[in-house]
1. Do you know the relative contact order of the chain, to the nearest whole percent, from alpha carbon pairs under 8 angstrom that are 6+ apart?
2. Set the Förster radius R0 to 60 Å, insert the Cβ-Cβ distance between residue 86 and residue 266 as r into 1/(1 + (r/R0)^6), and round the FRET efficiency to 0.05.
3. What is the distance in Å between the Cα centres of region 95-140 and region 370-386?
4. For the chain, with a Gaussian network of springs between Cα atoms less than 10 Å apart, report the residue from 119, 322, 89 with the top mean-square fluctuation.
5. Rounded to the nearest 5, what % of the DSSP beta bridges within region 1-127 are antiparallel ones?
6. Any idea what log10 I(q)/I(0) is at q = 0.10, 0.12, 0.14, 0.20 Å⁻¹ for region 224-355, Debye with uniform C-alpha scatterers and no solvent?
7. Who wins for biggest fluctuation among 169, 338, 180 in a Gaussian network model of the chain, springs between alpha carbons below 10 Å?
8. Label residue 60 and residue 117 with points 7 Å out from Cα along Cα→Cβ: what is the distance between them in nm?
Ligand code: ADP
Ligand code: ASP
Ligand code: MG
């Protein structure tokens with residue numbers, strides 16, 4: 001018999017009835033004789049609601065206290081699921097991330113797992129219990145404080161536990177039938193992907209496809225954990241995420257040029273106007289941003305205008321780092337001597353992704369042509385070997401995704417189903 005980790009997302013446990021439905025599903029797996037470890041997310045939009053509540057109480061809450069608050073969401077659903085399983089006659093025990101031995105760095109809100117000491121989990125499994133672990137949280141090795149691993153990181157908890165416990169594979173249950181060529185909430189004709197390589201999936205996740213948390217895919221690739229992404233509302237086979245070698249060996253997937261189109265609405269754009277065109281200014285600016293612990297994404301330095309020997313520098317960053325970035329730039333205004341800082345969070349990023357584009361010229365031309373025909377204006381462009389991303393106005397994101405999806409011939413004949421969730 002096998003050992004399986006199953007993770008259920010918030011939309012799969014949005015109310016009492018759906019918690020009981022998930023419990024019945026787990027009971028079936030247990031009935032097949034497997035060791036079962038469950039990772040659970042907070043019910044429905046609980047994490048967003050707790051965050052809204054915190055911001056109503058205090059405009060800039062301490063990140064330690066935010067983590068104390070947000071981790072309660074997963075603790076609720078873990079305990080409730082254990083109760084539902086008990087009623088089905090199944091021994092089940094719930095653990096917080098800390099109790100399950102998820103040891104992290106001390107960075108609140110975005111901690112990384114550095115070790116897993118799953119002694120209590122293993123003991124409970126040996127005693128025949130189903131073990132339920134609260135997702136997206138751990139305990140800092142140094143401060144011993146409770147931490148969270150970043151939004152959407154229950155996926156990462158699941159894969160990390162699968163690796164630590166030597167599970168056969170990790171199942172991620174969500175509100176869609178797996179990974180599609182675009183978000184099925186935007187593109188009704190998105191195509192279901194039956195198998196995808198870690199590398200392609202990492203690029204999709206890094207470009208905003210929130211069906212899987214980026215670090216979960218990185219972890220799965222590093223540890224060689226096969227991941228099955230599927231719906232908790234059906235028994236349909238989902239998407240297997242595994243190494244490209246295994247997929248090619250299967251002959252199951254012919255090499256497509258584009259794997260999918262991803263979008264991201266969580267970034268903002270900052271433009272620093274009239275930066276003196278001198279050696280070292282960009283270094284000074286991005287040092288200040290880095291020291292404020294802000295991760296930046298795209299950077300564009302516009303050509304300098306010979307008349308005034310000044311240039312504009314634009315970059316994108318997570319929207320929730322906006323205020324911090326503006327403060328950091330204000331602090332160096334006199335030193336650098338720029339004119340002003342412009343902030344715009346009404347933007348979105350749209351990316352076409354695919355390891356197949358490495359060997360195919362003309363992908364940018366097709367992409368930009370499709371955007372032009374959809375009357376979408378491009379604000380920034382960045383490219384890598386396996387991804388092309390553009391920044392567009394927030395209102396243009398949906399049109400841009402649909403246009404790119406069609407232009408690369410990804411549209412399927414049938415409609416993708418979204419079973420639940422608010423898309424928040
Ligand atoms: P969960 O609560 O189960 O963790 P998430 O909301 O985090 O679910 O992720 C599932 C959602 O991801 C889907 O409902 C869908 O709207 C979105 N999504 C974005 N890109 C994709 C994609 N390429 N394939 C499938 N779903 C996607
Ligand atoms: N509940 C957390 C969130 O909404 C973690 C997760 O669902 O993966 O971000
Ligand atoms: Mg998720």
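Read-outs: derived from the displayed coordinates by stated rules, not from any lab. The shown structure was predicted, so the numbers you read here are calculated from the model rather than taken from an experiment. Glycine also receives a Cβ, built like all others from the backbone with ideal geometry; neighbour counts cover every protein chain displayed.
1. Details: 922 pairs, mean separation 62.1, N = 424.
This gives 15 percent for the chain.
2. Values: r = 39 Å, r/R0 = 0.64.
Once the sixth-power term is evaluated, E becomes 0.95.
3. 42
4. Of 119, 322, 89, the most mobile in the Gaussian network model is 89.
5. Numbers: 3 of 9 bridges.
Rounded to the nearest five, the antiparallel share is 35 percent.
6. -0.53, -0.66, -0.76, -1.12
7. 338
8. Result: 3.6 nm between the two label points.
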